Ligand SMILES: *Cc1c(COP(=O)(O)O)cnc(C)c1O
């Protein structure tokens, strides 16, 4: 199999050809500034507004509640920092989860070093937020609850509606990082009681460097990026017209194909999980089997080091991940795997494979065969495995 088997769709996705086609005019002859008064500018503005409408429609928001950004990281930073800045006289306590993406976690850590207090609420062994712990963490000075919609490493989907209800009934702003969920599973910001929501185009087969922050009209926050009057004076900077048009096209395709393609991806995901757990001893699935993103597979292989496994499957043409792309390169095991209670040595032996609608069964069969070979080779070289055999653990 010469071409790459791409199983890293949680890190980024392939841009769809239809998305590129929609963007092309705005990378070439349709170059006007959408804020310009002339009709050329107005035409480009129409294209951005069409994208805004499509994106709003995907989460049951109003058009004027969508603010374009440079991506998920900016949206997360904007939501959290602006709420902190706006509400600091009311209170300086923020609640988040122990399994956030780095864009939320590091933003909270930054605020912790600047006079705010952060509570990281724990999760159970499947990665589901402990709602009792969340309720108990709420204080009179709590200004924000930020919880990831669906986790990027283990795929667990949170009880977002319940979390939103808890926030609302306590008069606390609720932000969710929905970068992994948006366009993949149905989201309804009204029913889910969401005030602020982050999404990104490149996780749904759109272009990189563009995303959005949904901001409920009743929960408007101050700008993070100051300057011109773009985005209803809330996010300065000339609009990334080609990116926004591509994001809109990707959202349109997601909406059209979601029901059908998620069923298919889920089936493939379960096929991959079942084959690995059935055919490779001492492997375990991380996260919840059912409340899980359609394309997420995260497996720990005992007596193995994840980085070595990643490199060996890479040599066989398979692109996967040891956890989150951001965490690779560091020697610490994933904070998400530690939060679900895995001991360090097991957390270290984990591999994330994330599927898309372009993944084929042949690719998965090839991957299982490759994994079997790699795992038995690495175990045969592992002193941990030898010890385990000696001590009859195995
Ligand atoms: C990818 C990702 C981000 C960051 O989005 P960018 O557009 O790459 O900045 C944030 N949160 C989650 C859950 C992600 O998966």
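The values are calculated or read from the model by the stated rules, or taken from the named source; none is laboratory data. Here the structure is a predicted model, which means the values were calculated and not measured. Glycine gets a Cβ as well: all are built from the backbone with ideal geometry, and neighbour counts include every protein chain shown.
Within the bounds of segment 235-244, is there any residue that is within 13 Å of the ligand (Cβ to nearest atom) and over 14 Å from the mean Cα position of the chain (by Cα)? Scanning segment 235-244 turns up at least one residue that is within 13 Å of the ligand (Cβ to nearest atom) and over 14 Å from the mean Cα position of the chain (by Cα).
Looking at 95, 99, can you tell me which residue is crowded, with 24+ Cβ neighbours inside 10 Å and within 16 Å of the ligand (Cβ to nearest atom)?
Answer to the selection: 99.
Exactly one residue among 282, 385 is in contact with a strand residue (DSSP E or B) (Cβ under 9 Å, 6 or more places away or on another chain), in contact (Cβ under 8 Å) with a residue 24 or more places away in the chain and surrounded by fewer than 21 Cβ atoms within 10 Å (Cβ to Cβ), and that residue is 282. One residue alone among 235, 275 is farther than 19 Å from residue 75 by Cβ and either in contact with a strand residue (DSSP E or B) (Cβ under 9 Å, 6 or more places away or on another chain) or touching a residue at least 24 places away in the same chain (Cβ under 8 Å) (or both), and that residue is 275. Taking segment 52-73 as the range and being within 13 Å of the ligand (Cβ to nearest atom) and more than 17 Å from residue 220 (Cβ to Cβ) as the test, the residues that pass are 70, 71, 72, 73. Look at (1) farther than 30 Å from residue 364 by Cα; (2) buried (at least 24 other Cβ atoms within 10 Å of the Cβ) and you find that residue 200 fails only one, number (1). The condition of being crowded, with 22+ Cβ neighbours inside 10 Å and either at pLDDT below 95 or at negative phi (or both) holds for only one of 40, 68, that being 68. Under 7 Å between Cβ atoms, at least 6 apart or on separate chains: pull out the pairs that start in segment 57-75 with a residue that is closer than 17 Å to residue 194 by Cβ and end on any residue that is within 16 Å of the ligand (Cβ to nearest atom) and part of a helix (DSSP H, G or I). Listed pairs, sorted by first residue: 58/251; 58/254; 66/55; 69/75; 69/78; 72/103. Considering only residues in segment 203-225 that are part of a helix (DSSP H, G or I) and more than 14 Å from the ligand (Cβ to nearest atom), the one that is surrounded by the most Cβ atoms within 10 Å (Cβ to Cβ) turns out to be 219. Within segment 148-180, can you find the residues that are within 14 Å of the ligand (Cβ to nearest atom) and surrounded by fewer than 24 Cβ atoms within 10 Å (Cβ to Cβ)? Across segment 148-180, the qualifying residues are 157, 158.
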